[in-house]
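As structure tokens, the structure follows; a few thoughts come after it.
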Amino acid sequence: MNDSKINLLEAPFELSYKYKRSSGPIMSKFFEGLSQKKIFGTKSKAQKVFAPAAEYDPDTREALTEIVEVGPGGTIESWSWVNSPRSHHLLKTPFAFALIKLDGADTAMLHMVSDCDESDLSTGKKVLPVWSENPTEAITDINYFILES
Amino acid sequence: MSDDQAPKDYKESFIHLEYQYTAGSATTTFLNQVKEGRLVGQSCPKCKAVYVPPRGSCPRCGIATSIEVPLTDKGCVESFTVVHIPIPGNPIVPPYVCAMIRLDEADISFLHLVQDIEIDQIRIGMRVQAVWKPKDEWTHSLENIKWFAPIDEPDVDVSTLRFKPS
């Protein structure tokens, strides 16, 4: 058999890891908040607000314990349009992954913006969360964000 | 820590990845031979190193390894580890031995099982031979070999297992 004419072997391959994780005292507050339609961040001594809540200030290594509520609205800092969602994406229609700086926060949170066209998006646009009706204390308790009308 | 600060219970989480694996020409050729109960490596036309399983190129010389080299199913244990901890989804019951098997005339080894011997008797340089599944169960997989079992031959001098100089 000619090497270049060989029928290459192919096989589907699935890799799955199931594990249990604890979100710890700070992130637990954040996830618990989401189930109550609240978004929590943490505030440093220098009054910098991290949202989603961070456990430590990456600049000063200060342990962050002061919980503050932010949002629920925010501003698009950056975004990337997904025109053809693939099977593993949570949304089945075109959407944007976006870094959203929630009102009152100094850092941005990665989430999705949907129910809009690509041409509607730009940095600086205001967005609001669409909450899940079946919260599970996970980031998916926010279905996605929509543009503020 | 007061109750309201106590960490929440552990949550289930998961990672799931789906691939379509394509073997490529070298692995396809190798596995087609394995399906027939043969182990065929490839050698580098420049440095003569024999690779099994072949990957189609010599990482040292950076050239294609087009020369096929039929190999025996005998070799020796180049290295081994005794596994005591069960891995979820793995049907083999610990303790068992994973070993790097260096086939005769090959210059690299591959991972397989060693059985039919007390675990504390296994040693580097020990001679082994493949124990094949019944022929009607052969597929495109090295699992056609159930494991490697010791054979009554003198141990190999470990210094001969060094990768041959180019």
Return only the number of the condition from (1) of a type in the set (D, E, K, R); (2) in contact (Cβ under 8 Å) with a residue 24 or more places away in the chain; (3) farther than 19 Å from A:LEU8 by Cβ that B:GLU12 does not satisfy.
(2)
Among the residues of segment B:10-26, are any outside any strand (DSSP E or B), within 30 Å of A:THR140 (Cα to Cα) and over 18 Å from the mean Cα position of the chain (by Cα)?
yes
Determine, yes or no, whether A:ALA105 is under 30 Å from B:TYR10 (Cβ atoms), in a loop (DSSP other than H, G, I, E, B) and touching a helix residue (DSSP H, G or I) at 6+ places or on another chain (Cβ under 7 Å).
no
The residue that is nearest to the other protein chains (Cβ to nearest Cβ), considering only those in segment A:18-48 that are in a loop (DSSP other than H, G, I, E, B) and under 18 Å from A:TRP131 (Cβ atoms), is A:GLN36
Evaluate the following for B:LEU142: is it surrounded by 13 or more Cβ atoms within 10 Å (Cβ to Cβ), among the aliphatic types (A, V, I, L, M), within 14 Å of another protein chain (Cβ to nearest Cβ) and touching a residue at least 12 places away in the same chain (Cβ under 8 Å)?
yes
Positions within segment A:3-36 being of a type in the set (Lys, Arg) and in contact with a Phe, Trp or Tyr (Cβ under 6 Å, 6 or more places away or on another chain), in sequence order
A:LYS18, A:LYS20, A:LYS29
Starting from segment B:17-41, take each residue that is more than 7 Å from chain A (Cβ to nearest Cβ) and list its partners that are in a strand (DSSP E or B) and not acidic (Asp, Glu), counting only C-beta distances under 6 angstrom and pairs at least six apart or across chains.
B:GLN33/B:VAL40; B:LEU39/B:LEU71; B:VAL40/B:PRO70; B:GLY41/B:VAL50; B:GLY41/B:TYR51; B:GLY41/B:VAL69; B:GLY41/B:LEU71
Of all residues in segment A:104-123 being under 24 Å from A:ALA54 (Cβ atoms) and either aliphatic (A, V, I, L, M) or out of contact with any Phe, Trp or Tyr (no Cβ under 9 Å at 6 or more places or on another chain) (or both), which is nearest to the other protein chains (Cβ to nearest Cβ)?
A:LEU110
Let me confirm something: among A:ALA51, A:ALA11, A:ALA63, which residue is surrounded by fewer than 13 Cβ atoms within 10 Å (Cβ to Cβ), among the hydrophobic types (A, V, I, L, M, F, W, C) and more than 7 Å from chain B (Cβ to nearest Cβ)?
A:ALA63
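The numbers here are math on the coordinates, done by the rules we state, and not lab data. Computed from a prediction, not measured in an experiment: that's the story for all the values here. When we count neighbours, we look across all protein chains shown, and the Cβ atoms used for this are built from the backbone with ideal geometry, even at glycine.
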